[in-house]
Amino acid sequence: MLDGVSGVVVPVTNLAKAQDFYMSKLGIRNKLATDGTSYVALQSSGQAIFLLTPTPEFPFEGRPGPGAGLMFTVKDIDGTIKELKKRGVDVGAPMAGPGGQKVALFRDQDGNNLGLLQPAGKSANKRGV
């Protein structure tokens, strides 16, 4: 029946601004595809992220803003927060997560929930987004 998850959809209001945020501010460098008007497909650590603006041809009903979100795994949450703040991203302070994980939360340009997750027991030796 289901063979897997091909990616996650992030609804956005302005495709160009969203692409700039995810690529320039978050440092995601792998762009898989785009049609220039309704979607950009990015890839982070093997996972596809589809930035999507609804169009008459593809009337996706998701709305930007609070709700479901993305968590990015990092090796050094403090270093990643510092780097994201340098890039103008308003990231909250790290907090304790379940099982000894560290978590920090922030939002993209449309208010979609995003977060950083440093798994328990991971050393802070290299930044990764």
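Restricting attention to segment 14-35, report how many residues are more than 20 Å from L84 (Cβ to Cβ), assigned to a helix (DSSP H, G or I) and among the small types (G, A, S).
Residues flagged as more than 20 Å from L84 (Cβ to Cβ), assigned to a helix (DSSP H, G or I) and among the small types (G, A, S) within segment 14-35 amount to 1.
Please go through segment 97-107 and give me each residue that is more than 12 Å from the chain's Cα centre (by Cα) and within 24 Å of L51 (Cβ to Cβ), ordered by number.
Initial filter on segment 97-107 (more than 12 Å from the chain's Cα centre (by Cα)): 97-104.
Answer for segment 97-107, where residues must be more than 12 Å from the chain's Cα centre (by Cα) and within 24 Å of L51 (Cβ to Cβ): V103, A104.
Run T37 past the list (1) farther than 17 Å from N113 by Cα; (2) touching a Ser or Thr at 6+ places or on another chain (Cβ under 8 Å); (3) at pLDDT 90 or above and report the number of the one that doesn't hold.
(3)
In segment 36-53, how many residues are farther than 23 Å from P66 by Cβ and either of a type outside the set (G, A, S) or assigned to a strand (DSSP E or B) (or both)?
Final tally of qualifying residues: 3.
Conditions (1) more than 17 Å from the chain's Cα centre (by Cα); (2) surrounded by fewer than 18 Cβ atoms within 10 Å (Cβ to Cβ); (3) closer than 14 Å to S38 by Cα; (4) modelled with pLDDT under 80, marked per residue:
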position: L51; (1), (2), (3), (4): no, no, yes, no
position: F58; (1), (2), (3), (4): yes, yes, yes, yes
position: E61; (1), (2), (3), (4): yes, yes, yes, yes
position: G67; (1), (2), (3), (4): no, yes, no, yes
position: I77; (1), (2), (3), (4): no, no, no, no
position: G92; (1), (2), (3), (4): no, yes, no, no
position: M95; (1), (2), (3), (4): yes, yes, no, no
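State which residue is nearest to the chain's Cα centre (by Cα) when the search covers only segment 81-90 and only residues that are closer than 15 Å to F21 by Cβ and part of a helix (DSSP H, G or I). Talk me through it step by step, then tell me what you get.
Residues of segment 81-90 closer than 15 Å to F21 by Cβ: 83-90.
Now drop any that are not part of a helix (DSSP H, G or I), which leaves 83-86.
Details: E83: 15, L84: 12, K85: 15, K86: 17 Å.
If we take residues in segment 81-90 being closer than 15 Å to F21 by Cβ and part of a helix (DSSP H, G or I), then L84 is nearest to the chain's Cα centre (by Cα).
Exactly one condition in (1) under 27 Å from A120 (Cα atoms); (2) touching a helix residue (DSSP H, G or I) at 6+ places or on another chain (Cβ under 8 Å); (3) assigned to a loop (DSSP other than H, G, I, E, B) is not met by P66; state its number.
With respect to (1) under 27 Å from A120 (Cα atoms); (2) touching a helix residue (DSSP H, G or I) at 6+ places or on another chain (Cβ under 8 Å); (3) assigned to a loop (DSSP other than H, G, I, E, B), P66 is out only on (2).
The values are calculated or read from the model by the stated rules, or taken from the named source; none is laboratory data. As the structure is a computational prediction, the values presented were derived from the model and not from experiment. Glycine also receives a Cβ, built like all others from the backbone with ideal geometry; neighbour counts cover every protein chain displayed.
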